[in-house]
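Below is one structure, written out as structure tokens, with a few remarks after it.
Any read-out appearing in this document is the output of simple, stated calculations on the displayed coordinates, not a laboratory observation. Please read all numbers here as calculations on a predicted model, not as lab measurements. Virtual Cβ from ideal backbone geometry, glycine too; neighbours counted across all protein chains shown.
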Ligand code: V47
């Protein structure tokens with residue numbers, strides 16, 4: 001039974017959120033000032049209730065997951081971001097670069113039910129232009145039907161630069177080469193938080209947010225779908241987070257090319273920022289709820305279980321999220337930074353996680369087409385109460 005608007009507004013008035021329930025119920029866009037109030041309010045459960053209403057209106061009980069594989073093809077990286085525990089220089093202890101043949105082999109041996117491979121890595125210019133085409137081709141050789149979601153805008157920037165320097169290619173030509181070699185869409189990532197101040201302090205070698213937004217707009221214009229992330233918990237101000245969300249919302253108004261928004265909580269272990277805390281559960285839930293409420297032009301809000309933690313992921317699907325990502329075999333970026341979640345989950349585990357939250361699991365492909373609605377599955381023990389990985 002939804003709460004009456006009057007009851008919601010009286011609670012909102014006490015929480016510094018007056019007027020927001022009325023706007024949410026009438027589908028009115030929230031302002032950056034209202035986003036600030038949402039970041040400041042102690043009443044996170046009210047935000048969750050409002051975000052849940054929006055999520056239910058769009059998606060009902062449907063909660064998406066997919067069956068996917070992660071390949072972090074190299075940890076060679078020249079960006080040296082303070083928040084990263086993954087990067088190495090060639091020759092460092094633990095440095096690696098997978099050959100196209102290794103990628104092919106890994107995919108041939110991977111879960112045959114996977115519909116997506118998510119390939120992201122560090123950036124190292126000497127990898128060359130053809131390497132990127134070769135690893136895409138290797139993926140499709142191994143699994144012709146798999147959707148290849150690869151390369152953050154930071155990698156795309158490097159590939160575009162190399163394509164121009166070595167072959168004199170335009171971005172249109174580079175993207176056509178990548179598409180022909182097998183690239184189907186791009187993930188989020190690389191956006192970090194759109195703060196020039198923080199970039200100068202913590203990741204000065206990485207592209208600025210203007211370039212990230214420009215590239216995302218260009219690839220959307222060329223017909224690619226991408227995702228958007230925000231890495232939070234690294235000392236950014238609330239105003240900087242809001243600016244980030246506002247710029248994403250404006251770009252989405254122009255292109256409609258983003259599929260999902262994925263808030264990423266910073267994991268400090270083994271990074272140069274290890275004095276910072278991992279954002280606590282309520283802040284992770286707040287990030288999901290604000291994403292759902294402020295980014296009114298994003299269909300999907302994804303709670304990436306790897307970084308959310310499993311109990312908070314379960315709660316987040318009642319705080320605005322309608323997607324929990326997938327089986328994610330062999331994630332390395334977060335696990336190097338101390339993530340205590342498993343490196344993969346089985347499909348039954350994901351189903352149970354969603355069902356225990358009172359929601360209905362639907363397997364999707366990368367472009368959010370439903371592959372299998374589990375509502376009608378037979379022999380579902382809807383009262384099962386233990387989760388076994
Ligand atoms: O850009 C790096 C972040 C991102 C840390 O599109 C860290 O479906 C926390 O973008 N603590 C890459 N975060 C991951 C990513 C992603 C993940 C899942 C799904 C999708 C998708 C995209 O991870 C990086 C950076 O923002 N990151 N190090 C860290 N220590």
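In table form, for the structure just shown:
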item	result
Test set (1) surrounded by fewer than 24 Cβ atoms within 10 Å (Cβ to Cβ); (2) within 13 Å of the ligand (Cβ to nearest atom) - residue 312 fails condition number	(2)
Every residue from region 271-312 that is within 19 Å of residue 247 (Cβ to Cβ), more than 15 Å from the chain's Cα centre (by Cα) and part of a loop (DSSP other than H, G, I, E, B)	296, 297
Filter result (farther than 23 Å from residue 227 by Cβ and assigned to a helix (DSSP H, G or I)) within region 107-126	108, 125, 126
Residue ID - farthest from the chain's Cα centre (by Cα), chosen from residues in region 338-364 that are part of a loop (DSSP other than H, G, I, E, B) and surrounded by fewer than 16 Cβ atoms within 10 Å (Cβ to Cβ)	358
Residue in region 66-73 that is at negative phi and surrounded by fewer than 21 Cβ atoms within 10 Å (Cβ to Cβ) present	yes
Residue within region 158-171 that is within 16 Å of the ligand (Cβ to nearest atom), closer than 26 Å to residue 368 by Cα, assigned to a helix (DSSP H, G or I) and under 22 Å from the mean Cα position of the chain (by Cα) present	no
Residue list for region 139-155, filter: within 22 Å of the chain's Cα centre (by Cα) and surrounded by fewer than 18 Cβ atoms within 10 Å (Cβ to Cβ)	none
Residues within region 67-77 that are more than 9 Å from the ligand (Cβ to nearest atom) and either in contact with a helix residue (DSSP H, G or I) (Cβ under 7 Å, 6 or more places away or on another chain) or within 24 Å of residue 109 (Cα to Cα) (or both), tallied	7
Residue satisfying all of: in region 219-233; within 11 Å of residue 186 (Cβ to Cβ) and within 9 Å of the ligand (Cβ to nearest atom); farthest from the chain's Cα centre (by Cα) among these	226
Test for residue 322: is it more than 10 Å from the ligand (Cβ to nearest atom), touching a helix residue (DSSP H, G or I) at 6+ places or on another chain (Cβ under 8 Å) and under 20 Å from residue 30 (Cβ atoms)	yes
Counted residues, region 253-278 - those being in contact (Cβ under 8 Å) with a residue 40 or more places away in the chain, more than 9 Å from the ligand (Cβ to nearest atom), surrounded by fewer than 21 Cβ atoms within 10 Å (Cβ to Cβ) and over 20 Å from residue 33 (Cβ atoms)	4
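A quick yes/no check of all residues on (1) surrounded by fewer than 21 Cβ atoms within 10 Å (Cβ to Cβ); (2) out of contact with any helix residue (DSSP H, G or I) (no Cβ under 9 Å at 6 or more places or on another chain):
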{"residue": "157", "(1), (2)": "yes, no"}
{"residue": "170", "(1), (2)": "yes, no"}
{"residue": "176", "(1), (2)": "yes, yes"}
{"residue": "219", "(1), (2)": "no, no"}
